[in-house]
Amino acid sequence: MRPWAAAALALALVASVATGRASAQALPADADRDGVVDDLDLCPDSAPYEMVDADGCAVCECDDAWDGRGEFLRCVYDEVHARRADGRLTRKEARLVTKAARNSTCGHETKVRCCVMFGAKATGMCKIMDEVRCDESLLGGHVDDLDVGSCFPNPCVE
């Protein structure tokens with residue numbers, strides 16, 4: 001958990017204890033698990049491993065009109081380095097964040113996440129590809145175009 005999120009959680013727990021309502025149910029909800037409690041989260045649907053600001057909104061928004069893939073990745077890498085330097089991000093968390101960024105459509109204007117489902121399997125294969133190639137007749141299975149985002153973790157689960 002990020003230090004500022006831990007501080008917010010600790011403050012909420014202290015306030016809960018002070019009012020006599022401390023219990024296991026007193027923990028604030030964080031549905032998207034971005035480290036910002038739902039009551040304060042201005043962007044409640046953050047993607048997994050997306051770096052967010054104190055309001056819970058993406059620091060390097062995937063939908064932004066980047067001037068290329070390198071610009072998006074530079075934003076992510078700069079933020080990872082800054083957070084690693086000040087202790088807000090562990091080495092493991094940094095690896096997961098960069099893996100999600102590298103396995104995303106962000107910075108590619110014509111790419112989408114394409115889920116290819118085969119047979120009766122509940123989990124499909126997520127591939128970043130040109131939108132025109134994300135087609136059932138070309139790929140030989142049931143295909144879902146998921147628009148922009150990352151294939152890590154795999155979003156292709158029924």
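The values are calculated or read from the model by the stated rules, or taken from the named source; none is laboratory data. Here the structure is a predicted model, which means the values were calculated and not measured. We place every Cβ from the backbone using ideal geometry, glycine too, and count neighbours over all the protein chains shown.
Below, the figures for the structure above:
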item	result
Of all residues in the range 75-120 being exposed (fewer than 15 other Cβ atoms within 10 Å of the Cβ) and of a type in the set (A, V, I, L, M, F, W, C), the one that is nearest to the chain's Cα centre (by Cα)	ALA82
Which listed residue is at pLDDT below 95, more than 30 Å from ASP130 (Cα to Cα) and surrounded by fewer than 19 Cβ atoms within 10 Å (Cβ to Cβ), from PRO48, PRO44, PRO3	PRO3
Enumeration of residues in the range 73-88 that are at pLDDT 95 or above and either closer than 11 Å to GLY107 by Cα or not small (Gly, Ala, Ser) (or both)	LEU73, ARG74, CYS75, VAL76, TYR77, ASP78, GLU79, VAL80, HIS81, ARG83, ARG84, ASP86
Selected residue (criterion: modelled with the highest pLDDT) from residues of the range 51-71 that are closer than 17 Å to VAL148 by Cα and acidic (Asp, Glu)	GLU71
Selection count, the range 97-122, where residues are farther than 19 Å from ASP67 by Cα and in contact (Cβ under 8 Å) with a residue 40 or more places away in the chain	7
Of the criteria (1) part of a loop (DSSP other than H, G, I, E, B); (2) closer than 21 Å to LEU96 by Cβ; (3) at pLDDT 90 or above, which one ASP32 fails	(3)
Any hit, the range 65-74, residues being of a type in the set (Phe, Trp, Tyr), out of contact with any Cys (no Cβ under 6 Å at 6 or more places or on another chain) and surrounded by 15 or more Cβ atoms within 10 Å (Cβ to Cβ)	yes
